[in-house]
Amino acid sequence: MDLFLFTVDGAWGRDVVAAGAAGIVVDWERRGKHRRQAGEGTQINADTVEDLARMRAATDGRLLCRVNAAGPWTAREVADAVAAGADEVLLPMVRTPEEVDRVLDLVAGRCGLGILVETQDAVARAAELASRPLSRVYVGLNDLRIDRRSRELFRPLVDGTVDEVRAAVTVPFGVGGLTLPGGGFPVPGTLLAAELVRLRTDFTFLRRSFTADMAGRDPFVEVPRLLAALAELPAADPGTAAERRTRFVAAVEAAAPEVVQVGVPA
């Protein structure tokens, strides 16, 4: 499973990639994000073209640039990403195949185009979207939860939504994010990792939980340890795999916020 680190710290990114991660994500997405994710406690970055160029100089790992959702600004963002050395552009908040087609025209084969399935519209049209010549498809759980007006981050992993999208995708598929073995809250990272293996996930992200858990640790020790833990999971016998799935579902249910009805004691 390929690991992609969100960072604009050149030395940190270089070491994590040298330790075994597949590459780096530089994140330009912020148009409308503060409004969409207000009060959600999500990570909103303010990365720049200069950050992308610096990360290109820092590592020969695969360099992904998440741009803003499709709009009149997309042509400039794609041109800037290509000029600064991005191997792929990631298009968030996709809703229609036509949006993807327009950005494919803008990319014009100069780099790859990946999409983020993080709206209910994109879930419903996953097969159409996946038929495009994409470099990767990622299911974004945070924005999908918000788009569905749900309070449960991991619900798409247990209600069949992610399985449905996965079945339609033939290019590299990703979902979720990981941290070090033993970490993860409210769902233990080991159970989430097992779920990603069950889904035949090709890549996932390392974001703020991973960065926080890595404080004071050596990436040349911890990244191989994470990769080794992931490599062991597919060898589980069917009974063990089923038991892990049962525990994952139970952890998701336990993490679900309690719904208090008016007039009913909490």
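Just so it is clear, none of the values below were taken in a lab; they were calculated from the coordinates. These numbers were taken from a predicted model, which means no experiment stands behind them. When we count neighbours, we look across all protein chains shown, and the Cβ atoms used for this are built from the backbone with ideal geometry, even at glycine.
Structure notes:
- Note on Phe185, Phe154: ascending count of other Cβ atoms within 10 Å places them as Phe185, Phe154, the fewest first.
- Where labels lie 7 Å past Cα in the beta-carbon direction, separation of Ala46 and Arg200 in nm: 4.3 nm
- Residue order, fewest to most beta carbons within 10 Å, for Asp143, Asp15: Asp15, Asp143
- Note on Thr96/Glu164: beta-carbon distance plugged into 1/(1 + (r/R0)^6) with R0 of 25 Å gives a FRET efficiency of 0.90.
- The chain: calculated mean residue ellipticity at 222 nm from DSSP helix runs of at least 4, using -39500 (n - 2.57): -12500 deg cm²/dmol
- For Val89, residues with placed amide H under 5 Å, excluding near neighbours: Cys65, Gly112, Leu113, Gly114
- About its Cα centre, the stretch 139-266 has a charge dipole of approximately 180 debye under the convention of +1 per Lys or Arg Cβ and -1 per Asp or Glu Cβ, with nothing else charged.
- Local electrostatic count, Val25, Cβ distance below 13 Å [Lys/Arg +1, Asp/Glu -1]: -2
- Dipole size of the chain about its Cα centre, with +1 on Lys/Arg Cβ and -1 on Asp/Glu Cβ: approximately 300 debye, rounded to the nearest 20.
- In the stretch 2-255, Cα pairs under 8 Å separated by at least six residues give a relative contact order of 17 percent.
- Between Ala242 and Ala108, the distance separating the two model label sites (each 7 Å from Cα on the Cα→Cβ line) works out to 5.5 nm.
- If you take all other residues with their beta carbon under 13 Å from the beta carbon of Leu104, and give Lys and Arg +1 and Asp and Glu -1, the sum is -2.
- Part-to-part distance (alpha-carbon centres) for the stretch 140-195 and the stretch 75-132, which is given in Å: 21 Å
- Local electrostatic count, Thr7, Cβ distance below 11 Å [Lys/Arg +1, Asp/Glu -1]: -1
- Exposure proxy shown here: for Trp12, Trp28, the number of other Cβ atoms within 10 Å sets the order, fewest to most, as Trp12, Trp28.
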